[in-house]
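The values are calculated or read from the model by the stated rules, or taken from the named source; none is laboratory data. Remember, it's a predicted structure, so these values are computed and weren't measured experimentally. All Cβ positions, glycine included, derive from the backbone under ideal geometry; neighbour counts span all protein chains shown.
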Amino acid sequence: MKPRVAESPAPGRNNDSVEVKTTNQWYQTAFWSAVVSAVFSLIVVGFLMVNYLQIKVFDPVRAERLELLKLKIIDHPDDVLFVQIRKLDLQIRQDRIRRQNFSYRASFLLLGGLAVFVISAKLAVTFKKKPPRPQPYPDRQKEQIRQAIQARSTITVGLAVLGAAVLFFATRPVVDFSEEPPQKGVWPRFRGLGGLGISASTNVPDNWNGSTNEGILWKSKVPLPGHNSPIVWGDRVFLSGADANERQVYCFDALSGKLLWRGNVPNLAPAGAEPVEPGESTGFAAPTMVTDGRRVYAIFATGDVGCFDFSGKTVWARNLGSPDSAYGYASSLAMYRDLLLVQYDQGAAEDEKSKLIALNAFLGHTVWETRRPIPNSWTSPIVIEVSSRHQIITCGDPWVIAYDPNGAELWRADCLGADVAPSPIYAGGLVFAIEPYTKLVAIKPDGRGDVTKTHIVWSNEEGAPDICSPVSNGELIFLLTTDGLLICLQVTDGTKLWEEDLKEDFFASPSLIGDRLYLLSQKGVMFIIEAATEYKELARCELREDCHASPAFVDGRIYIRGTKNLYCIGNLD
Amino acid sequence: MIRFGYIIISIAFFLIVCGITSSVPAAPMSRQLQAQAGVERFPPPDFVESGYELPSPTTPHPRQNIYEYVDAVVLLAALGLASYLVLKKRSRRAILTLSVFSLFYFGFWRKGCVCSIGAIQNIVLSIFDRDYAVPFVVVVFFLLPLVFTLFFGRTFCAAVCPLGAVQDLVLLRPVAVPSWLESGLRLFAYAYLGAAVLFAATGSAFIICRYDPFISFFRLSGSLNILVLGGCFLLVGVFIGRPYCRFFCPYGVILRQLSRLSKWRVSITPDDCIKCRLCEDSCPFGAIKVPTAEWPARDYDKSKKRLALLLLLLPILILACAWAVSTASDLMSRTHPTVRLADRIHLEETGKEEETTDASAAFWATGKDVRELYAEASNIQAAVKTGCWLLGGFLGLVIALKLIGHSVRRTRIDYEADRAGCLACGRCFEYCPREHVRLNKDKQAVGDGE
C-alpha cells in the first residue's frame, strides 16, 4: 500500500516537502499502530499464560483433593463427604470449561492483534525504506576465498558436532529385549511359580530356633487370622486375613517386616444374602492370594474378591456370590496373563453350581466362565505349558479337567473321588492328581476329550494325602499325609521307594529347594529331608508357633505364616 | 553491521535450539508425561445416586471426500497462478496477496493439513508398509509442487506454502546470514529430512507433523512446547528471512534439487544484467549470487588437490557417518511406540519401575505375551539400525558433497538468483532498473492503446 500524496499546485521544493510530511504522518500512524497492537498482543499473551498456569497448577491440586476425598469415602461413607465431593467436582468442571472458553476467545484476540501489528510494522518499515546505495566493491577475490574457507570450516564443525553426538549416544544404556530379564525374587501364588512348591533359591537357611529367635530376621503380627500362605514379589510380602466382619489384605516390607499397608475388601454380597459360615479348619481367609507384579488379588470365603495396586489402592472389588462349600471355600487364585482364575467349585455335582471363572485382572469383569460337573472341592488350579500351548489343570470329584485359556475344555479324566483338597502338580511331563487317602494318579496331558482310558499312565493306591499337595523333582514324587507319613515314589511308574513316619501333623504342603525337602508341621517344626531315593533327615528347626500355611522361599529367605505372626527366616548377610 | 548481524543470528538460533529442546522431552520425562496424561484426563462424574447415565459418545462425520478434491484443485490453481505471477507478471504485490490467501486457506482454514511437507512421510510409509494406503489428496499435495518446481522453480515456496507465507509476513528487519553460516545451517534440513524418512519408514513417528512449529497457530491450539517453538521461529523470522524454510524444511531439500533442473526460473532482471549492484542486498534469503572475481592461480592449484583428496575421502566419510549415526539407533528406535512400550514393560518386569503407565496398564490388560512384544520391539530396533546406517551414509554423502562444492571454483559474471535457494518471492524485481524500464514500457503500451 502506498500513501496518498496530497496534491499541491506549488511546484518544486514545496511539493517535495508536503510529500515528505505526509509520508511522515503515515509512518507515525503505522508506527504507533504497531506499538499499540504489540502492547495489546502482549497483554493477551499475559492473560493466556495466567490462564494456562491456572489449568496446569491449580486444577491438578484440586483434582488430587477430589481423588483423596473419593478414596476416603470408600472406607467411610458419609453424606457430608458426598456433598463435598459433588460440589468440588462441579466446581472443577465449571472452571475447566470456563478456562477453555477463555483460552479459545483470547487466541482469536491475539491473532487479530498480531495481524494488526504485522501490517502496521510492515507499513512503517515500507515508509522508512531507504533506496539501495551500493558501497564500494570489497576485494572480491579475497572475500570469495575467505567465504569458501569459512564454509568448509562450518561444515567440518558440523561433522565434529555429529561425532560429539555419537559419543554422547554411545554412552546411553541400551536395552536388549532379546535377553531374558533377570528374574527377581518372586513367589507369586500358592506354592510359588507354577504352583509346584519348588524354589530356585539354594542358599535357604537350615538352622533357626523360635525360642531363641536365632536365624529369625523379623517377626510381625498379622492383624486378622487366615490360613492362606504368604506370597512375595521383590521386597514385598502379601497376606490376607479375615473374620466374620472384615476382609483385609496386608503388605509387609520383606526387609524389615513392617506392615506397609492394609487394604479392606468391602462386603459386596447382595442385600439379603445368607451370611457365610466357613468351618474352623478353613476360616474366612484360606485361599492364597496371587500377584502379577503390579497388582495383588485376594479372594475370601464370602466370595468377595479384591484387587489392589502395590501402593495399597483399591483397583476393583466384586462379589462372586456366596460359595456353597462344606468346609468353607479354600481354593487359591491363579493367573494366566491378564486372567485371574477362580476355581469356584461348590454344592453337589447335580446342583451345577461349580464353575471355573476367568476375570479380567485389570478391570475385574468376567471374561469367561465354564460350568464344571463337580461338587465342592478345595484344590487350586495350575497353569502348565504342553507343546507350546497352555492348559489350566483343575481337580475335583471325579474329574481332572484341563481347560484352554479361552475357557474351552481340552480333556478330562475320571480318576478322583471324595473331598478333593490336594492341588495338582506337573512334573516329568505328567499331571499328578490325588484322591484323598486313596491314590495318586499320573496323567499324560496331551489328549483330547475323555482320556480316562487312554492317558492315565499309572495310579498308585498305597495311600495318599488328604490336604497336602505333592512335590516332585521330575524323577521322584513326594507325598505327605496329614498324620505325617512321607512317601517317595518314582515318577516314571509310581513305584514306592520309601516311606517314613515323621510323627507330626501337617497342613502345609511340602516344598523342594535344590535337593532338599522342607516340610512344615502343624506345630511349626520344619523337617529338612534329602530329596533322594533313600530317606535321610538333614535338620529339624522349631518355630514355636502353630502353622497351617505353606511357606514361601525367596532369595535365601523363608517366609512362614504362623497362626498369629509372619516370620522371615534367613541370614543377615 | 556484520557484528550486529552475528549477534542477532546467535540469539535467534539460541532461541530456536531452546524451542526445539523444550519440545523434545527426554526419555524418562516422556514416561512421566505419559503417566501424567492419565491423571490429567478429565474423568466423568460419578452419578451413583441419581442414576444418570452418561450418553454414549458420538463420532462427528468425517470430512466429505469432495473437499479433498477441492483442496487439490485449489492447490493446482494456486501453483499455476504463483508460477504466472512470478515468471510472467513479475509482481511482488500479487505474489504477496496470493501467499496471504494460501496462508488463510491452507493454513487457518484447512488447519495446516494436508501439507506437502508432511506428505513426504505418508509417501514413505506407503512404500515401506503395504497395509498403509496413502490418500489420493496426499499424493497430489506431494507431487504437484515437485512437478511445478521442475518446470517453474520454487513458486510453491513463494506463494502457496502456508508455512513460508507466515514467515514471510513477519519478516520486518532482515539481517543477512553469512553464506558460510547458511551453508552449514542447511545441514539441519538434510538431517531432518533423513530422520523424517527413517521414522516414517519404520512406522515410528511422523516427526515433521509432530514438530510442525506453526500448526498450533493455524489451529489456535496446541501444546505449550510447540507454541513456544513456533513463537521462537516467528521471532527469529522478524530478522532472519524464513528460518524454517531455509534451515529446517525437509521438503525444501527436495525442492532445492529439483529447482536446479527447472526449465524456467526467476531472473532478477527481465533483460540483460547491467551490473548496477542495486539488487545486491535486496534478497533477505541470501539467494542472489554476485559475480565472482578471478580465482588466483595458487588457490586454484590448492583447490584441485583438495578436491582430489575429498573425492578419495568420500567413501570413508560416508562409512564413518553411517557408523556414527548407527550408534544412536537404540535411542532413535525409542521413537517407535512399540519399542517405548517394550522398554517400559521391561522396566516394570525387572522391578525398576513399580507403577504402571496408561500404556503399560493397557498392554498388561490385553494379556499379550511379553516375549511377543519384545520380539516385535527387537525387529523394529533392527530395522531402525539399518535405517540409521543409511541415514548416516546419506548425511556423510551430503557433507562430503558440500565440502566438494566449496572446493570447486566457479565463475559467474552476472548477478543472478541462486537456482536452488531462490524462493521466488519477487522482492528483487523492483530493485532492477531494467524492470522499471519494462514496467514503463508496459504502461506506455497501455497508454498508447488507449
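Computed values, structure above
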item: Test: residue in the stretch B:428-447 that is more than 35 Å from the chain's Cα centre (by Cα) and facing another protein chain (nearest Cβ under 10 Å); result: no
item: The stretch B:251-288, residues that are more than 30 Å from B:D212 (Cβ to Cβ) and of a type in the set (A, V, I, L, M); result: B:I268, B:I274, B:L278
item: Positions within the stretch A:429-466 being among the charged types (D, E, K, R) and under 20 Å from A:A408 (Cβ atoms), in sequence order; result: A:K444, A:D446, A:R448, A:D450
item: The stretch B:206-218, residues that are out of contact with any Gly (no Cβ under 7 Å at 6 or more places or on another chain) and not in a loop (DSSP other than H, G, I, E, B); result: B:I207, B:R210
item: The stretch B:287-312, residues that are more than 9 Å from chain A (Cβ to nearest Cβ) and either part of a loop (DSSP other than H, G, I, E, B) or in contact with a His (Cβ under 7 Å, 6 or more places away or on another chain) (or both); result: B:A287
item: Scope the stretch B:276-286; condition on the phi > 0 side of the Ramachandran plot and either surrounded by fewer than 18 Cβ atoms within 10 Å (Cβ to Cβ) or facing chain A (nearest Cβ under 10 Å) (or both); matching residues; result: B:R277
item: Scan of the stretch B:119-147 for residues that are in contact with a helix residue (DSSP H, G or I) (Cβ under 6 Å, 6 or more places away or on another chain) and more than 14 Å from B:L255 (Cα to Cα), ordered by number; result: B:Q121, B:N122, B:I123, B:V124, B:L125, B:F128, B:Y132, B:V134, B:V137, B:V138, B:V140
item: Boolean, B:S83 is more than 19 Å from B:R219 (Cβ to Cβ), in contact with a Cys (Cβ under 9 Å, 6 or more places away or on another chain) and not aliphatic (A, V, I, L, M); result: no
item: Residue, farthest from the other protein chains (Cβ to nearest Cβ), within the stretch A:306-365, restricted to residues that are among the polar types (S, T, N, Q) and assigned to a loop (DSSP other than H, G, I, E, B); result: A:S325
item: Looking only at the stretch B:385-416, and only at residues there that are surrounded by 21 or more Cβ atoms within 10 Å (Cβ to Cβ) and under 30 Å from B:C432 (Cα atoms), the one that is nearest to the other protein chains (Cβ to nearest Cβ); result: B:H406
item: Matching residues, the stretch A:4-48, being among the aliphatic types (A, V, I, L, M), modelled with pLDDT under 85 and closer than 20 Å to A:L123 by Cα; result: A:V5, A:A6, A:V18, A:V20
item: So A:C568, is it crowded, with 21+ Cβ neighbours inside 10 Å, under 31 Å from the mean Cα position of the chain (by Cα) and not hydroxyl-bearing (S, T, Y); result: yes
item: The stretch B:356-384, subset in a loop (DSSP other than H, G, I, E, B) and facing chain A (nearest Cβ under 8 Å), residue surrounded by the fewest Cβ atoms within 10 Å (Cβ to Cβ); result: B:D369
item: Members of the stretch B:418-450 that are at pLDDT 90 or above and small (G, A, S); result: B:A420, B:G421, B:A424, B:G426
item: Residue within the stretch B:313-323 that is facing chain A (nearest Cβ under 7 Å) and either part of a loop (DSSP other than H, G, I, E, B) or under 30 Å from B:A176 (Cα atoms) (or both) present; result: no
item: Check on B:S179, of a type outside the set (D, E, K, R) and either under 28 Å from B:A324 (Cα atoms) or touching a His at 6+ places or on another chain (Cβ under 7 Å) (or both); result: yes
item: Failed item, numbered, when B:V339 is tested on (1) touching a residue at least 24 places away in the same chain (Cβ under 8 Å); (2) more than 8 Å from chain A (Cβ to nearest Cβ); (3) assigned to a helix (DSSP H, G or I); (4) farther than 30 Å from A:D292 by Cα; result: (4)
item: Single condition A:D95 does not satisfy, out of (1) closer than 29 Å to B:V170 by Cβ; (2) more than 9 Å from chain B (Cβ to nearest Cβ); (3) surrounded by 13 or more Cβ atoms within 10 Å (Cβ to Cβ); result: (1)
item: Residue match in the stretch A:136-153 (condition: at the interface with chain B (Cβ under 7 Å from one of its Cβ atoms), without any contact (Cβ under 8 Å) to a residue 24 or more places away in the chain, of a type in the set (S, T, Y) and not in a loop (DSSP other than H, G, I, E, B)); result: no
item: Unmet criterion (only one of (1) away from chain A (no Cβ under 13 Å); (2) more than 16 Å from the chain's Cα centre (by Cα)) for B:R173; result: (1)
item: Lone unmet requirement of (1) free of Cβ contacts under 8 Å to residues at least 40 places away in the same chain; (2) more than 9 Å from every other protein chain (Cβ to nearest Cβ); (3) crowded, with 17+ Cβ neighbours inside 10 Å for B:K352; result: (3)
